[in-house]
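Novice: Starting off with a structure, shown below.
Rule-based calculations on the coordinates, nothing more; no lab input. Just so it is clear, the structure is predicted and the values come from calculations on it, not from any experiment. No Cβ is skipped: glycine too gets one built from the backbone with ideal geometry, and neighbour counts run over all protein chains shown.
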Amino acid sequence: MLSIPSGLPAPLRTALLLIATGAAAVLLLAVGPQEARAVVAADCIAGEYFDGAACVPIPLGSEGTGGASDGTGSTGTALCPTGEYRSDASTTSCVPIPLGSEGTGGGVGGTGSTGVALCSVGEYRSDASTTACVVILLGSGGTGGASDGTGSTGVAQCVAGTFRGDAATTPCRAAAVGSYVTTAGATAQTAIPLGSEGTGGASDGTGSTGITQCDAGSYRGDAATTLCIDAAAGHFVAAAGATAQTPCAKGTFQAETKQTSCDPAPRGSHVPTEGATTSALCPAGTYTASTGQTACTPAAVGYYVPRPGSSEQLRCLTATETGLSRCPAPAATPAPSREETPERETGDEPLSPQGDACPPGSWSATGTSRAGSSCTPASPGTFVAEAGATAEVPCPPGTYSDAFGATECTPAPVGTFVAATGAMDPTPCPGATEPGATECPETVAAPVIDEVLEPTGTTSVWWWIGGLALVLAAGGAGFVLLQRRTGALAAAVDAGSGMTASTMTAIPGLDAAASAPTPAASSSAPNVLEWDEARDGRPDDENGPPPAPQR
């Protein structure tokens with residue numbers, strides 16, 4: 001190893017040092033005879049100091065003192081102060097320890113650091129006047145460091161929704177799914193009670209800052225979730241804070257989600273299972289007369305149910321078994337055999353080999369009563385208008401038939417309507433003011449007449465009503481019983497001489513008493529009008545309203 005005398009001048013020692021380290025391949029030095037001189041502090045380079053006899057290296061962890069600003073000429077050394085270190089021998093001064101790191105190799109007081117290292121996980125250093133990293137308090141997290149938790153340069157208290165309770169971690173972490181943290185500086189998270197949900201957190205269910213009870217119609221029963229969920233279709237949640245949903249009972253259903261109750265099956269339908277989302281119509285031949293039924297009731301003997309979804313059974317005298325969807329026709333009278341047929345007189349036309357045509361109101365597959373078939377009466381809801389029919393025809397909308405063997409359908413009376421084909425009875429409708437209605441209009445209040453009507457020669461009904469009111473007021477109570485078969489009542493007022501006279505015109509088909517009614521004796525018994533055959537399908541000699549359908 002090359003030894004360089006310390007007594008040589010600084011330029012010469014530097015050149016020799018370069019030769020010794022291989023920094024220069026060739027060094028031409030012309031040194032003439034010169035006198036030797038003593039080494040002084042000014043001869044010391046950066047990283048050296050003068051110890052009184054020679055320039056020597058400054059120890060790491062210390063810095064040179066008493067020298068120039070460029071680091072040369074140091075006359076002494078001092079330990080690096082707290083918060084600084086020196087690890088480079090080519091330098092003279094100590095440098096600050098970076099925040100998030102701490103000094104190493106120094107003394108107990110934090111001086112004399114010869115190196116630096118990043119703060120460990122769970123530690124930080126944010127004060128430049130210190131040398132060592134410090135432990136992050138629980139409930140707080142390190143900031144400004146690396147993703148692995150080292151090198152934290154600061155610390156911050158955990159906010160609501162986050163916590164830190166493990167010293168082996170650095171950052172605060174969000175409350176997990178199914179948990180929440182309400183306050184800042186928390187060291188632990190709390191499980192969300194079942195029947196409640198977390199609030200204020202992220203969309204993934206983490207970081208909840210509070211809780212609230214599940215609303216009615218929703219529930220939460222899984223601890224691994226954060227939010228309440230809506231009751232599914234076919235289920236319900238009646239009260240708030242529920243941990244489970246309840247399936248709809250038999251006889252009820254629910255088509256919507258987030259519901260607090262189930263709906264009963266409507267009349268004419270049923271729900272045979274739990275958790276149903278819809279009800280099922282009762283098939284023809286069965287019915288339900290009340291809501292919330294789990295099964296349909298078969299039509300009893302003596303009744304039938306022609307349509308699906310019915311809430312009542314209809315009377316049928318020929319029904320001898322239960323569950324019928326059609327009313328059986330009365331037993332048809334078979335056509336007489338040729339042996340039973342009286343012989344025709346000489347000259348009569350021979351019998352047709354095809355048989356006799358079925359009369360109106362009946363039909364057969366062949367249209368005749370021969371060829372192995374007999375005529376069948378048209379069923380209720382149908383009619384047969386012509387002889388020789390091969391099928392019955394459903395009654396069109398606005399009409400119905402309620403008996404076998406109809407040759408025509410009956411128009412729906414005033415106050416009723418028939419919307420579908422094949423009707424066996426009309427439906428009540430107060431707004432139907434004309435016979436044969438196919439839909440039910442809304443009931444409209446009678447208009448208020450606030451103007452004076454001038455009488456004319458053809459003014460009939462209104463003046464008749466007024467005149468009748470005057471007659472009743474003068475002579476007591478009376479009534480006129482009219483039959484549909486006898487005709488219609490009309491009246492006319494002769495306005496030729498103004499309002500001083502009125503004349504009642506006789507109507508064909510009525511007797512003199514009907515054309516000019518006189519006041520009847522006062523009676524406490526109420527007036528009774530017979531139900532018209534057109535309204536209930538029965539002869540006029542049967543009084544009273546039609547019987548109610550059997551349920």
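Novice: Tally Lys/Arg at +1 and Asp/Glu at -1 over every other residue whose Cβ is under 14 Å from the Cβ of residue 186; what's the total?
Specialist: Surrounding charge for residue 186 is +1.
Novice: Simple spin-label model, 7 Å along Cα-to-Cβ: residue 391 to residue 146 in nm?
Specialist: For the pair residue 391/residue 146, the computed spacing is 9.1 nm.
Novice: Need one number: nm distance between label points at residue 204 and residue 222, each 7 Å from Cα along Cα→Cβ, rounded to one decimal.
Specialist: 1.7 nm
Novice: A further question follows. Is the stretch 75-156 rounded, prolate or oblate when judged by the Cα gyration tensor, a ≥ b ≥ c being the square roots of its eigenvalues, rounded requiring a/c under 1.5 and prolate requiring a/b larger than b/c?
Specialist: Verdict is prolate for the stretch 75-156.
Novice: Next up: List the residues, sorted by chain then number, that are 5 or more residues from residue 49 or on another chain and whose placed amide H is less than 5 Å from its amide H.
Specialist: The list, which skips near neighbours in sequence, is 56, 58.
Novice: I would also like to ask the following. Tell me, 204, 356 in order of fewest to most beta-carbon neighbours within 10 Å?
Specialist: So the ranking, lowest neighbour count to highest, is 204, 356.
Novice: Here's something else I'd like to know. Contour minus end-to-end for residue 294 and residue 54, with contour as 0.36 nm per residue of separation and end-to-end as the Cα-Cα distance?
Specialist: Full extension of this stretch gives 75.1 nm more.
Novice: Out of the stretch 28-136, which trypsin sites (Lys or Arg not before Pro) are coil in DSSP terms and have no more than 13 other C-beta atoms within 10 Å?
Specialist: 37
Novice: Ranked by Cβ crowding within 10 angstrom, fewest neighbours first, how are 414, 116 ordered?
Specialist: Going from least to most buried by this count: 414, 116.
Novice: Let me ask you something else. For residue 42 paired with residue 277, estimate the spin-label separation in nm (one decimal), with each label point 7 Å from Cα along the Cα-to-Cβ line.
Specialist: In this crude spin-label approximation the distance works out to 10.1 nm.
Novice: Rounded to the nearest 0.05, what FRET efficiency do residue 374 and residue 434 give with R0 = 45 Å and r taken as the Cβ-Cβ distance? Could you check?
Specialist: Approximately 0.65, to the nearest 0.05.
Novice: Got a sec? How would 85, 303 order by Cβ neighbour count within 10 Å, fewest to most?
Specialist: Lowest count first: 303, 85.
Novice: Label 7 Å along Cα→Cβ of residue 153; the stretch 66-90 residues with amide nitrogen under 18 Å?
Specialist: 83-85
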